2 protein chains.
Amino acid sequence: MDVSVDCVVFGFDNDTLKVLLIEQKQPDTVHLKTQNAVPGDLVLDNESLDEAAKRILQELTSLKGIYLKQFHAFGDPNRVRGLKDQQWLRTFRVNPERRVLTIGYYSLVKLSEFKPKAASFAGKTYWVDVYNIPSLAFDHNEIVHKALLMLRHELMADHIGFELLPEKFTLSQLQKLYEIILDKKLDKRNFRKNILRTETVTALEEKQQGVLHKPAQLFSKK
Amino acid sequence: MDVSVDCVVFGFDNDTLKVLLIEQKQPDTVHLKTQNAVPGDLVLDNESLDEAAKRILQELTSLKGIYLKQFHAFGDPNRVRGLKDQQWLRTFRVNPERRVLTIGYYSLVKLSEFKPKAASFAGKTYWVDVYNIPSLAFDHNEIVHKALLMLRHELMADHIGFELLPEKFTLSQLQKLYEIILDKKLDKRNFRKNILRTETVTALEEKQQGVLHKPAQLFSKK
DNA sequence: TTTGAAAGTGTATTTAGCACACGAAGTATC
DNA sequence: GATACTTCGTGTGCTAAATACACTTTCAAA
């Protein structure tokens, strides 16, 4: 069996929660509409799963120290049996008939610092709204959906939201991020009480600049 | 790469939380002490991961409808490189040098109803205390440990405890189960309030029999 | 009838969850 | 320099959940 790692890369642009997709290279001979997919690759011979996930990310961007978390193994024997999926496999895989198990990871990146690598192994990359994802290759729609559920869960349990924000952020930005990930409105005062109680962030001696209203205090992760 | 599923089977005997181990068959030619392992097997060609896990369980016991949950993929390239592990692989695997990725599942069985199958594919089976596990084959100690952490987590979130108890149980049994899994004392009155509020169990019109004290009310899952 | 052993139950206190509104601090415009 | 605009930052009361805590009841056995 082939084993791959697929990475659902989340980013936040202060307005929407995004997922990074790459356009799958197409066989020159076929002229189908290209498909998009979540970045992923086969696990190499001497590589752990975590290492494979890290490598895949680093082939897309030069960021280091990115938050990465394994969340589920997808092993349905037919997960790779779509028509386009098969054509793609026949062109780009040594053993196109081989079953592919994939280990899903999700990753949180600071969109502000994200620069796609010029010579990336794959095709063009796109950020798309997590709530408006087009039809993807393989079972990647399911993978993204499950990643989002796991992210929600972990956001509430471990308050990892700041991984998606710049080093310095305001509590309003953080709240908006929570609202978008959890897909519900939160009360400002209660949100602040809760976040400050968890002590995952710390106030800086610094204020927001260049805004046309009262500048907010900046925070960073503790 | 080979892909296997390993099943951490939990059982509860009213006193301790147990894990099912099987004694690995040993090559006739070698005379090492046998190793124990968690039940597991390679995933077959046309089988999903969940199906593989179910099959492994059914090769050990004839119980149906057993609670099963995927919890983690273990993919370190060296997870299978111990001396005894290698000997075992060379004897019983077609491709002993091939790397093995395993998907960890845990499973909750009613120990009272558990009967090991006579002609089980594997060696003898044992139940051992989860808090006193001997040294196991491969990375199975790590797998069991992680399974326990996940079980704790899910017990609190989803109140699945009764999966480990007979059809009819008392709240004291359930409480003891929680105390052992979570490894801490709970207050009786608060525990009852909480469990009854979650409405995952329902009171029967029936009482415990054959005990030498006030008989307790029986409950079953709702 | 007494003893032993677990069952079953209520209250008071503390803590977390939730709803809710207004003055303060900046920038831009006239 | 007054006004308008925008977001920031804050506190209180209410309700629900979490925790601590001890005595009476019910049965079987001796």
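A few points about this structure:
- Of A:Q86, B:G104, B:L171, farthest towards positive along the dipole that unit charges on Lys, Arg, Asp, Glu beta carbons give the protein assembly as shown: B:L171
- Inter-copy label distances at A:N190, shortest first and taken from points set 7 Å along Cα to Cβ: 2.3 nm.
- Remark on A:T61: its backbone amide H falls under 5 Å from those of A:K117, a criterion applied only to residues 5 or more positions apart or on other chains, H modelled at 1.01 Å from N.
- A label point on B:K115, set 7 Å along the Cα-to-Cβ line, lies at 7.0 nm from each of its counterparts in the other copies, closest listed first.
- Value of relative contact order over chain B, rounded to a whole percent, pairs C-alpha under 8 Å and six or more apart: 25
- Cleavage-rule hits, chymotrypsin sites (Phe, Trp or Tyr not before Pro), segment B:40-135, DSSP coil, Cβ neighbours within 10 Å at most 14: B:F121, B:Y131
- Translational diffusion of the protein assembly as shown, µm² s⁻¹ [Kirkwood Rh, Cα pairs; Stokes-Einstein; 20 °C; 1.002 mPa s]: 86
- Here is what passes the span test in chain A: the DSSP H helices with alpha carbon length of 18 Å or more along the helix axis and a Kyte-Doolittle mean of -0.5 or above are A:140-158.
- Antiparallel content of DSSP bridges confined to the protein assembly as shown, in %, to 5: 70
- Average beta carbon contacts from partner chains per residue of B:70-78, 10 Å cutoff: 6
- Shielding by other protein chains, A:43-51, mean Cβ within 10 Å: 4
- Each Cα pair under 8 Å and six or more residues apart adds its separation to the average, and for segment A:166-221 the resulting relative contact order is 43 percent.
- Of all chain B residues, the closest to the B-onto-A rotation axis by Cβ, with that distance in whole Å, is B:A73, 2.
- Gyration tensor verdict on segment B:1-84 (Cα atoms; rounded if a/c is under 1.5, prolate if a/b is larger than b/c, oblate otherwise): oblate
- Once the 1.4 Å probe is applied to the protein heavy atoms, segment B:136-182 comes out at 36 Å² accessible per residue.
- When DSSP beta bridges are restricted to pairs lying wholly in segment A:2-158, around 70% turn out antiparallel.
- Of B:D45, B:D129, B:D187, the residue with the greatest mean-square motion in the GNM of chain B, using alpha carbon springs below 10 Å, is B:D45.
- Computed on the Cα atoms alone, the convex hull of segment B:46-171 gives a volume of 142 cubic angstrom per residue.
- Neighbour count of at most 10 Cβ within 10 Å plus DSSP loop: longest GluC sites (Glu not before Pro)-free window in chain B: B:98-198
- Distance violations [Cα-Cα > 25 Å] among B:K84/B:K124; A:K18/A:K207; B:K110/B:K146; B:K54/B:K184; A:K84/A:K124; A:K193/A:K222: A:K18/A:K207; B:K54/B:K184
- Using a 1.4 angstrom probe on protein heavy atoms only, the contact between B and A buries about 1400 square angstrom of accessible area, both sides summed.
- Label 7 Å beyond Cα on the Cβ vector: B:S220 copy-to-copy distances, nm: 6.0
- Rounded to two decimals, the Cα radius of gyration of chain B over 2.2 N^0.38 Å is 1.12.
- Share of carbon and sulfur in the accessible heavy-atom surface of the protein assembly as shown [1.4 Å probe, %]: 50
- Helix-only CD estimate at 222 nm, as mean residue ellipticity for the protein assembly as shown, using -39500 (n - 2.57) per DSSP H run (n ≥ 4): -9000 deg cm²/dmol
The values are calculated or read from the model by the stated rules, or taken from the named source; none is laboratory data. Note that the structure is predicted; figures quoted are calculated from it, not measured. Note that we place each Cβ from the backbone using ideal geometry, even for glycine, and neighbour counts take in every protein chain shown. All accessible areas refer to the heavy atoms of the entire protein, side chains included, with ligands and DNA or RNA removed. Shrake-Rupley method; radii C 1.70, N 1.55, O 1.52, S 1.80 Å.
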